[in-house]
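To start, the structure under review is shown below, and the notes come after it.
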Amino acid sequence: MSTNVDMKLEVVVLPVSDVDRAKEFYGRLGWRLDQTPPGVIQFTPPGSQCSVHFGPDLTSAAPGSAKEYLIVSDLEAARNALVAVGVEVSDPQHLGPEGPVSGLDPERRSYYSRASFSDPDGNTWLLQEITTRLPGRVEAAATSFSSARDLASALQRAAAAHGEHEKRIGEADPNWPDWYAEYMVKEQTGADLPT
């Protein structure tokens, strides 16, 4: 098979024991309930291009055996939103030299801060804060923002970095829109950020 063929992850099947209970839970999270064939429930998280399916006889996996990742640009905001709708979410932790450490990563580095929650069956969702992707993870031509919230967060980070850039050059930068655009694309693709 050619490695040049696009393959996009579309759906993950979740093993659940009670479809109605799962439907209520994922609806409470604010995930979109999509139109599907009979016997299949499909929810899509906000900003995601991948959905989840559950329903009777979709999988032989034991209910509660799934472990999935959700990428967020602000772990604190995501955690607070889940807690606000009654979901029990673990305290944030980050990866330290000796393993997990309580609290958000002090530098808010991508891939370091995490929290988790489970659905009523015990399927685990790990929230991982990512603002800058690893190099090569996202192609420059494919950069996009899946929600107004993600775009606003990226603009805030670009504005802060641009403020430091203007301090270094000692004057206002009239070409700030191009600088922002370059910064935001490089941040998404994991390339070296402009200074």
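FYI, it's all coordinate maths here, none of it is from the lab. On a predicted model such as this, the values are computed, not experimentally measured, just so you know. No Cβ is skipped: glycine too gets one built from the backbone with ideal geometry, and neighbour counts run over all protein chains shown.
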Quick one: work out the % antiparallel among DSSP beta bridges in the chain, nearest 5.
65
Excluding residues on the same chain fewer than 8 positions from Lys8, give the lysines whose Cα lies under 29 Å from its Cα.
Lys23, Lys67, Lys186
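Starting from the Cα-Cα distance between Glu24 and Val12, subtract it from 0.36 nm times their residue separation and give me the gain in nm to one decimal. Please list the in-between numbers first.
Numbers: separation 12, 0.36 × 12 = 4.32 nm, distance 1.82 nm.
This chain segment gains 2.5 nm when fully extended.
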Starting with the fewest neighbours, write out Glu10, Glu98, Glu166 ranked by other beta-carbon atoms found within 10 Å of each beta-carbon.
Glu98, Glu10, Glu166
Using amide H atoms built in the peptide plane, which far-off residues or other-chain residues are under 5 Å from Val12 H to H?
Ser51, Val52, His53
Cα gyration tensor of region 36-194 - equivalent ellipsoid semi-axes, whole Å, descending:
35, 19, 14
For region 120-129, just list the computed ³J(HN,Hα) in residue order, Karplus coefficients 6.51, -1.76 and 1.60, θ = phi - 60°, integers in Hz, with x standing in for Gly and Pro.
x, 8, x, 4, 9, 10, 9, 8, 10, 7
If the chain between Leu33 and Asp57 were fully extended at 0.36 nm per residue, the gain over the current Cα-Cα distance would be 6.7 nm
Placing +1 on each Lys and Arg Cβ and -1 on each Asp and Glu Cβ in the chain, then taking the dipole about the Cα centre, the residue among Leu9, Val19, Ser118 whose Cα reaches farthest towards the positive end is Val19
Largest-first semi-axes in Å of the equivalent ellipsoid built from the Cα gyration tensor of region 11-129 are 28, 14, 12
Given only helices, namely DSSP H runs of n ≥ 4 each adding -39500 (n - 2.57), what is the per-residue ellipticity at 222 nm of the chain, to the nearest 500 deg cm²/dmol?
-9500 deg cm²/dmol
